[in-house]
Amino acid sequence: MNAHDPRSLHPTIDPPQQTQPHPGLDAELEPKADLGLDTYEGHGRLRGRKALITGGDSGIGAAVAVAYAREGADVAISYLPEEEPDARKIIQAIEDAGQKALALPGDLQELAQCEKIVADTVEAFGGLDILVNNASRQIWHDGIENIPDEDFDATMKSNVYSAFRVTKAAIPHLQPGAAIIFTSSIQAYQPSPHLLDYALTKAAMNNLSKGLAEQLAPEGIRVNAVAPGPVWTPLQPSHGQPPEKIEGFGQQTPLGRAGQPAELAGAFVFLASDEASYVMGETLGVTGGTPTP
Ligand code: NAD
Ligand code: MG
């Protein structure tokens, strides 16, 4: 018997109070997040594919980038310019896996940047097979009356507009067998009162992925989503949660602990791979036991 107990496979973290400026750095997280760098083993499941992952510098996107590269894909990551130190580490990990890497710094609130990251990936890799719409901004506020209009706008642009625009730019380049994956959230189903704007963007990811799945299935392009529960990433302590919610983060889940980014990679690999050839319009929950309807 070589099975591992999911309760203890990763430690139950109890992070100290901490705050970083948005967007936050993986390098500054305490304790460190597990991106799978020491553990993820590839099995050639994405051999020869070309992937673009938004927000691939840190957290879930970084774990997915590492896994995709070790499964044999070339991987482009987009991120904000201030995240360069995190991005460098992931670019190195992709290259260490023997794959091509492409770094795409820039703000996805801009239409031109959304179009540029697709064009640059296609040019560098000679095509695109997998798009992961994962970049998101999460800034907590104490009630709707305290969400400034500019903040609401920035969250919509970073999360919804960017996913829509990057996807729209990517579709003309996708061939049958390609996959699009959106990162949703448990927040799509159970919105927290202090994350009203963010939560609605995550519901939008589910809705967009399901409608688009139906549109693109006849063309042999699969569209799905992943809905994570609480995962230890820089999103949380960079104004993603009130400081008191950082202590004991994720311990309210049925499993009793927060997830690590490395625990999300398998879902994204599965949905991108041929093993998911009959899976479309699905949202795969990876929540530590909190039900997703
Ligand atoms: P993260 O901070 O490591 O990743 C988010 C990334 O989004 C950042 O690294 C940044 O590069 C990118 N980003 C944000 N705004 C951007 C902009 N305007 N332009 C370009 N890039 C921008 O955090 P994470 O938790 O790994 O987040 C990844 C995804 O997972 C997000 O879609 C988030 O909504 C989702 N998610 C996270 C959790 C969690 O508990 N951490 C739970 C559910 C869903
Ligand atoms: Mg980051």
Between Q17 and E275, what is the FRET efficiency for a Förster distance of 45 Å, r being their Cβ-Cβ separation, to the nearest 0.05?
-> 0.60
Decide, for the stretch 145-192, between rounded, prolate and oblate: order the square roots of the alpha carbon gyration tensor eigenvalues as a ≥ b ≥ c, take rounded if a/c falls under 1.5, and otherwise choose prolate if a/b is larger than b/c, else oblate.
-> oblate
Quote the Stokes-Einstein diffusion coefficient, in whole µm² s⁻¹, for the stretch 25-124, based on the Kirkwood radius over alpha carbon pairs, a temperature of 25 °C and a viscosity of 0.890 mPa s.
-> 183
Tell me the label-point distance for the pair K168, D5, using the 7 Å Cα-to-Cβ offset, in nm and rounded to one decimal.
-> 5.1
Hey, got the Cα dimensions of the chain along the principal axes, in Å, largest first?
-> 53, 47, 37
Enumerate the helices in the chain for which the Kyte-Doolittle hydropathy averages -0.5 or more and the C-alpha atoms extend at least 20 Å along the helix's axis, using complete DSSP H runs.
-> 111-125, 196-216
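FYI, it's all coordinate maths here, none of it is from the lab. Keep in mind the model is a prediction, meaning the values are calculated, not measured. Positions of Cβ are backbone-derived with ideal geometry, glycine not excepted, and every protein chain shown enters the neighbour counts.
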